[in-house]
1. If residue 237 meets every condition in (1) farther than 22 Å from residue 15 by Cα; (2) not in a loop (DSSP other than H, G, I, E, B) apart from one, which number is that one?
2. Return the total of residues in segment 147-184 being away from the ligand (no atom under 11 Å from the Cβ), more than 16 Å from residue 53 (Cα to Cα) and small (Gly, Ala, Ser).
3. So which pairs qualify, if the first residue must be in segment 168-194 and free of Cβ contacts under 8 Å to residues at least 24 places away in the same chain and in a strand (DSSP E or B), the second must be within 10 Å of the ligand (Cβ to nearest atom) and among the polar types (S, T, N, Q), the Cβ gap must be under 6 Å, and the two must be at least 6 apart or on different chains?
4. Out of segment 50-89, which residues are within 13 Å of the ligand (Cβ to nearest atom) and of a type in the set (A, V, I, L, M, F, W, C)?
5. Residue 68 passes all but one of (1) without any contact (Cβ under 8 Å) to a residue 40 or more places away in the chain; (2) surrounded by fewer than 18 Cβ atoms within 10 Å (Cβ to Cβ); which number fails?
6. Which residue out of 58, 23 is touching a residue at least 60 places away in the same chain (Cβ under 8 Å), surrounded by fewer than 13 Cβ atoms within 10 Å (Cβ to Cβ) and in contact with a strand residue (DSSP E or B) (Cβ under 8 Å, 6 or more places away or on another chain)?
7. Going by what's in this entry, would residue 41 be described as closer than 21 Å to residue 167 by Cα and assigned to a helix (DSSP H, G or I)?
Amino acid sequence: MLRRMDNRSAERPYVICSCAMSVDGRIDDCSDRRLMLSGPADLDRVDEVRAGCDAILVGAGTVRRDDPRLAVRSEVRRAARVAAGLEPTPRKVVLCGSGTLDPAARLFDTDPVDVLVYTSGDRPAGDRPGRRDGSRTVMVELPALAGRAGLIDVAAVLDDLARRGVRRLLVEGGTSVHTAFLTAGLVDELHLAVAPLFVGEADAPAFVGPGRFPRDARARMRLAEVRQLDDVVLARYLIHPATTR
Ligand SMILES: NC(=O)c1ccc[n+]([C@@H]2O[C@H](COP(=O)([O-])OP(=O)(O)OC[C@H]3O[C@@H](n4cnc5c(N)ncnc54)[C@H](OP(=O)(O)O)[C@@H]3O)[C@@H](O)[C@H]2O)c1
C-alpha cells in the first residue's frame, strides 16, 4: 500500500532547495572570505530559477555571513517579470528567530520589494531588525516551537507565505534552514551544484546537519536531471510526490 510520507498540504508553496557545495559536502569554509563554489554558468542558472519564483528564503546566518542581495540580476529576466505584471525580483524572506539583523544588510537596500522577516514570539520586546528605504520590511511574528526557544515551525512559515500569495519558493540556505525544510518533508525539488574542490575543514558548514530525513535509503529521491555547467555538476532531484511502500 502506498502512503504519503510528507507534511505538504495542497495549499503550501512548491518548494525548491538550492545549494552549491564542494565534493566533500561543504557549503562554505572557515575563512573570513566568501567561498566561491559556483561558476558563472551555474550562477546564471540560479538567476533563472530565482526569476521563476515568487519568493526567495534564507536564514539570518546566511545574511550575516554572506550579505546576499537575493535579487534577480539579469535585466532581461527582470524586464520579463515586469511585463508579466510582477515585481522585477521576487519577495525576500528571512528566518530570524532572534530578531537580530543588520539594517545595513544588502537585501534591504536594492529593490523596492517586500522583505518578510519571520521572528519568533519569544524574543525580547523592542528588538526589531532594521529596514532601509529601498525595501518594504514586513515583520511576521510566529509562535516559537515548544521547548525550542527562537525557532519557528517552518510549515507555519510556508502556510503564511501561501496566504500572501507565494506559490513557488526558492530556499537558498544555509545549513540550518536546509535541514529544517528537508527533515520536515517540505521540499519538492532539490538542486545541488557540486563544485570540483574539497574544503577539508571539520568545522566548515555542511549542506545539512544531522536529522531524520524522509528521503533515506528506503525512500530515495528521483534524479530528474544532471547538467554540466562549466566545471560544476548540477543534480536536480524531485522529492514529491513522496510515496513509499
Ligand atoms: N553554498 C551555498 O549555496 C550557501 C547558500 C547559503 C548559505 N551558505 C552558507 O551557510 C552558512 C550559514 O548556515 P547557518 O546554518 O549558519 O545559517 P542559516 O541557516 O542561514 O541561518 C540560521 C539562522 O536562521 C534563523 N533560523 C533558522 N531556522 C529557523 C527557524 N526554524 N525559526 C526561526 N529562525 C530560524 C536563526 O536566526 P537567529 O540567529 O536570528 O535566531 C538561525 O540562527 C554560511 O557559511 C553560508 O555561507 C552557503
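1. Tallying (1) farther than 22 Å from residue 15 by Cα; (2) not in a loop (DSSP other than H, G, I, E, B), residue 237 fails exactly one: (1).
2. Summing the residues that are away from the ligand (no atom under 11 Å from the Cβ), more than 16 Å from residue 53 (Cα to Cα) and small (Gly, Ala, Ser) in segment 147-184 gives 1.
3. Here the result reads none, with nothing in segment 168-194 linked to a residue that is within 10 Å of the ligand (Cβ to nearest atom) and among the polar types (S, T, N, Q).
4. Those that are within 13 Å of the ligand (Cβ to nearest atom) and of a type in the set (A, V, I, L, M, F, W, C): 56, 57, 58, 60, 63, 70.
5. (1)
6. Details: 58 fails: surrounded by fewer than 13 Cβ atoms within 10 Å (Cβ to Cβ).
Exactly one of 58, 23 is touching a residue at least 60 places away in the same chain (Cβ under 8 Å), surrounded by fewer than 13 Cβ atoms within 10 Å (Cβ to Cβ) and in contact with a strand residue (DSSP E or B) (Cβ under 8 Å, 6 or more places away or on another chain), namely 23.
7. On the way: closer than 21 Å to residue 167 by Cα: no; assigned to a helix (DSSP H, G or I): yes.
For residue 41, the condition - closer than 21 Å to residue 167 by Cα and assigned to a helix (DSSP H, G or I) - is not met.
The numbers here are math on the coordinates, done by the rules we state, and not lab data. Quick caveat: nothing in here was measured; it's all calculated off a predicted structure. Positions of Cβ are generated from backbone atoms using ideal geometry, with glycine treated the same way; all protein chains shown enter the neighbour counts.
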